Amino acid sequence: MYDVAVIGAGVIGCAIARELTRYTGSVVVVEKGEDVCTGTSKANSAIVHGGFDAENGTMKAKMNVLGNRMMTRISEELDVPFRRNGAFVLCFQEEDRPALETLYERGVKNGLTDLSIVSGDEARKMEPNLSENVVAALWCPSSGIVCPFELTLGFAENAAKNGAEFRFLSGVTGVARGEDGFTLETESGEIRAKAVVNAAGVYADRIHDLLLPHDYTVTARRGEYCLCDKTVGGLVDRTIFQLPTKLGKGVLVTPTVHGNLLLGPTAEDTDDKEYTATTAFGLADLQKRAALSVKSLPTRQVITSFSGLRAHTDVDDFILREAAPGFFEAAGIESPGLTSAPVIGEMMAEKIAAALGLSKRADFDPIRKGVPHIYSLPEEERRAYIEKDPLYGSIVCRCETVSEGEIRDAIRRTPGATTLDGVKRRTRAGMGRCQAGFCSPRVMEILSRELGLPLSGIRKNTPASVLVYGKTK
Amino acid sequence: MKREIVIIGGGPAGLAAALAAKEAGAKDVLILERDVRLGGILNQCIHNGFGLHTFKEELTGPEYAARFEEKVMETDAEVWLSTMVLSLSKDRVITAVSREKGLVTIEAGAVILAMGCRERSRGALNIPGFRPAGIYSAGTAQRLVNMEGQMPGHEVVILGSGDIGLIMARRMTLEGAKVKVVAELQPYSGGLKRNIVQCLDDYGIPLKLSHTVTEIRGKDRVTGVVISEVDDRLQPIPGTEEYYSCDTLLLSVGLIPENELSTGAGVELSRATNGPTVNERLMTSVPGVFACGNVLHVHDLVDYVSEEAAAAGRAAAEYIANGQPERSGGAEIPIAVGGGVRYTVPSAVDPAHMPELLTVRFRVGNIYKNVYTSVYFDGERVLHRKKQVMAPGEMEQVVLKRADLLGKNVGKITVTTEED
Ligand SMILES: Cc1cc2nc3c(=O)[nH]c(=O)nc-3n(C[C@H](O)[C@H](O)[C@H](O)COP(=O)(O)OP(=O)(O)OC[C@H]3O[C@@H](n4cnc5c(N)ncnc54)[C@H](O)[C@@H]3O)c2cc1C
């Protein structure tokens, strides 16, 4: 019997698990996928929002502003790439200026003190590649960019370090209340816990309905993206939003923490919670919209496209509550969910600990060190690593310069990589411009060796994502 | 450490360059290769058809590489395997790393870029749909089948008719897979005619020109693709969609010179080839840095790679021996292109430094039947040669004579195609 079972190993489930390990009591994270960070947390804009967008008085607004403030500490504790690069919201027409001012005022009411409205020329002075059509812009210096994989992994690994367990390929199919707690029916057997946390992303409504009467519906709102090569990552230094107008919400153009350029997202509701395909229309549409923000959009430098699903609810705000005694929910966590994860984790853990009467532990260790990215270290440190372990000198992914040593480390961590995509999220091997063409056979070999599986047993991600079918004739 | 000639890449280009440099009297030649063996891409090309020009016999890729490797091994050229070059500076300082040697910094007298090319990926095509397992570049599939002995799939659709894709259509068929169709965006194939005949026609595999993949289905593993016809502007025509069930999509949609190191060193690139621009000595815009093989422009026959690389090797040896002048700006005659010619390599010549006979290679951008290849020195036509068929997939060449150019004050050379 665990004290707490968290359903869902996205950034929210992992943040809650990590914060729970500050307290006495045992924690298990129960995940349908084969790894952490396989849902929405792996495919989003990766912006640590300033907090001017959310309506005044909402949970979203509150969590956003607090989460943003916490991100510096969290990124240091968990070794997560994070940079406060600042954000502009562009206004293209004089007649839209009142909307820009409304946004400014909303931000101020949400508690932001760093906002200002600048002229088109001032904005272009800071960002020379901005379109000549920009007449004014909202400037938010505290906005940032983060690596969503590392943030989720950081929470997960630190939770594991402090004793949390992870159960993968364990989709929850039933939740029942017993005398002393809950029994979760999962694809890998039963799990019992005194308290349950529903952090199942786009599936949160389904989990809710397993125990309680239907209350809210999560609609998957798909967002498509194009990712461009690092050679054009410097097109802009800040995150560039567009002011929502009659024509739509607008798309962003932003550098990523790893130096690529990201364009997107679109917004389209789908009734399929697995529909992460991209569409010809969506990709063309987002490029067309993104092109409005900058002087010339490097569409020839697109190296990949992807889409993510927002967990949009009819409540239109984060649902953070104890829905029934011992049954907690963090549902409808759409944007700014990534930004809010640190504070959602903290707040939910506090609630749960209070309900279960758990007390703070003295031996909680808040520090997590990520897989070292040897080739982004200063030369001295890099040399030292290679001298200590020559496997760091054997390059496997040439686009992102990732060594065999780093890949091995990623596999040996807890929770460790077991798939090509797991290695990719942890080390960036395969994220570069050749999109794993060159390194995937090598990474498969390393996985095969480390996990003691034949090559035909290695997967891209899910159990059905077979890569090779065994020996040739 | 200081070294005379450092060659980056130990494929056919690097090997031929090393050999020629030694033969031209270079004392110190070092090859850096990131793989565990020499031979580069040839190691996975186990089909026949290599070396017809060079050795007058049909060899497999590994056999062709082995011949060069043996000759290089007879010289005292040094080879470092499993060594990845991380960066090259414009002063020819190389940083490299390997398991054995750790991080190494090398100051090179001359550098020969011979890193080859890489395949364009799915992302560059922006094909909509899911991102399942079962999408491989043709070269990755070739490596899996020929070097790891692993079957990447059973029912295959191939997008792009580049040579590796064509070769893999045959290879997968021989391994028992069903290759359903090869779709090519352009109205012509990007591969060699002989490969279309020997790899598709002989096995009854249909080639659909002016077609492309417009959707990928299957969330975990590919379950099928949609193929559509495209119009003159290469845009899919609505209503022409056809669904093919398959578990594998191979991409053979073009090769791009590996130019990370080149750009890092400030080497000027050609927009047409994506490789460095070079002069008659195959020297790039950075003095002492030469280029050859697929890193310079993508070749279809290895024999030409060896020939070109040998020229680069000799030029590097000469550069070391004579401390040759910098790229000689004013004295260079630019080579312009016209008609259907997309580019030439080299793109400029200095008669004072060119060999007696200089091969200028080029590609055309479309299929041309019964047209002339012409060369002009300013307004004067000096070569006029008819050819039955010229195609983008087949590299062409003309030869310039030093005697014709030296002291003649030619301002511009033009290579073009003409109707008559
Ligand atoms: C297009 C887009 C752009 C965004 N941009 C930003 C941004 O810039 N900044 C920002 O702050 N936020 C952004 N967000 C929001 C942010 O990505 C999400 O709020 C956050 O990732 C949600 O995390 P999660 O853990 O709730 O969901 P998920 O990451 O989806 O995790 C839920 C997990 O639950 C698991 N699960 C589901 N059902 C079951 C079951 N029955 N049993 C066991 N496990 C189950 C799933 O497999 C999954 O791993 C964006 C979102 C999208 C879609």
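The values are calculated or read from the model by the stated rules, or taken from the named source; none is laboratory data. Here the structure is a predicted model, which means the values were calculated and not measured. Note: ideal-geometry Cβ built from the backbone for every residue, glycine included; neighbour counts use all protein chains shown.
Below are the figures for this structure:
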quantity	calculated
Residues satisfying the stated conditions in the stretch B:104-138, i.e. facing chain A (nearest Cβ under 9 Å), modelled with pLDDT of 95 or more and farther than 17 Å from residue B:157 by Cβ	none
Checklist (1) free of Cβ contacts under 8 Å to residues at least 60 places away in the same chain; (2) on the phi < 0 side of the Ramachandran plot; (3) in a loop (DSSP other than H, G, I, E, B); (4) within 12 Å of chain B (Cβ to nearest Cβ) applied to residue A:424, failing item	(3)
Any pair with Cβ under 8 angstrom, 6 or more apart, that starts in the stretch A:449-463 at a residue that is at the interface with chain B (Cβ under 9 Å from one of its Cβ atoms) and ends at one that is surrounded by 15 or more Cβ atoms within 10 Å (Cβ to Cβ) and small (Gly, Ala, Ser)	A:455/A:448; A:459/A:465; A:459/B:133; A:460/B:133; A:461/A:33; A:461/A:422; A:461/B:133; A:462/A:33
Search result, residues across the stretch A:185-214 that are more than 8 Å from the ligand (Cβ to nearest atom) and part of a strand (DSSP E or B)	A:185, A:189, A:190, A:191, A:192, A:193, A:194, A:195, A:196, A:197, A:198
Meets criteria (within 14 Å of another protein chain (Cβ to nearest Cβ), modelled with pLDDT under 95, surrounded by 23 or more Cβ atoms within 10 Å (Cβ to Cβ) and not in a strand (DSSP E or B)) for residue A:383	no
Residues (among the hydroxyl-bearing types (Ser, Thr, Tyr) and within 30 Å of residue B:94 (Cβ to Cβ)) located in the stretch B:231-263	B:262, B:263
Close pairs from the stretch A:258-269: first acidic (Asp, Glu), partner more than 12 Å from the ligand (Cβ to nearest atom), Cβ under 9 Å, at least 6 apart	A:268/A:279
Subset of the stretch B:356-392 (residues that are small (Gly, Ala, Ser) and surrounded by 12 or more Cβ atoms within 10 Å (Cβ to Cβ))	B:365, B:374, B:391
From the options A:98, A:81, residue that is more than 14 Å from chain B (Cβ to nearest Cβ), away from the ligand (no atom under 14 Å from the Cβ) and under 24 Å from residue A:236 (Cα atoms)	A:81
Residues being within 6 Å of the ligand (Cβ to nearest atom) and either modelled with pLDDT under 95 or surrounded by fewer than 24 Cβ atoms within 10 Å (Cβ to Cβ) (or both) - total across the stretch A:17-36	2
In the stretch A:55-78, residue nearest to the ligand (Cβ to nearest atom) [restricted to those that are crowded, with 21+ Cβ neighbours inside 10 Å and of a type in the set (Gly, Ala, Ser)]	A:67
Qualifying positions in the stretch B:196-227 - among the hydroxyl-bearing types (Ser, Thr, Tyr) and either under 29 Å from the mean Cα position of the chain (by Cα) or more than 14 Å from residue B:129 (Cα to Cα) (or both)	B:203, B:210, B:212, B:214
Strands (runs of 3 or more DSSP E) contained entirely in the stretch B:208-299, each with at least 1 residues that are surrounded by fewer than 20 Cβ atoms within 10 Å (Cβ to Cβ)	B:211-217, B:224-229, B:242-245, B:255-257
Selection from the stretch A:37-54 of residues that are part of a loop (DSSP other than H, G, I, E, B) and either within 7 Å of the ligand (Cβ to nearest atom) or within 14 Å of chain B (Cβ to nearest Cβ) (or both)	A:37, A:38, A:39, A:43, A:44, A:45, A:46, A:49
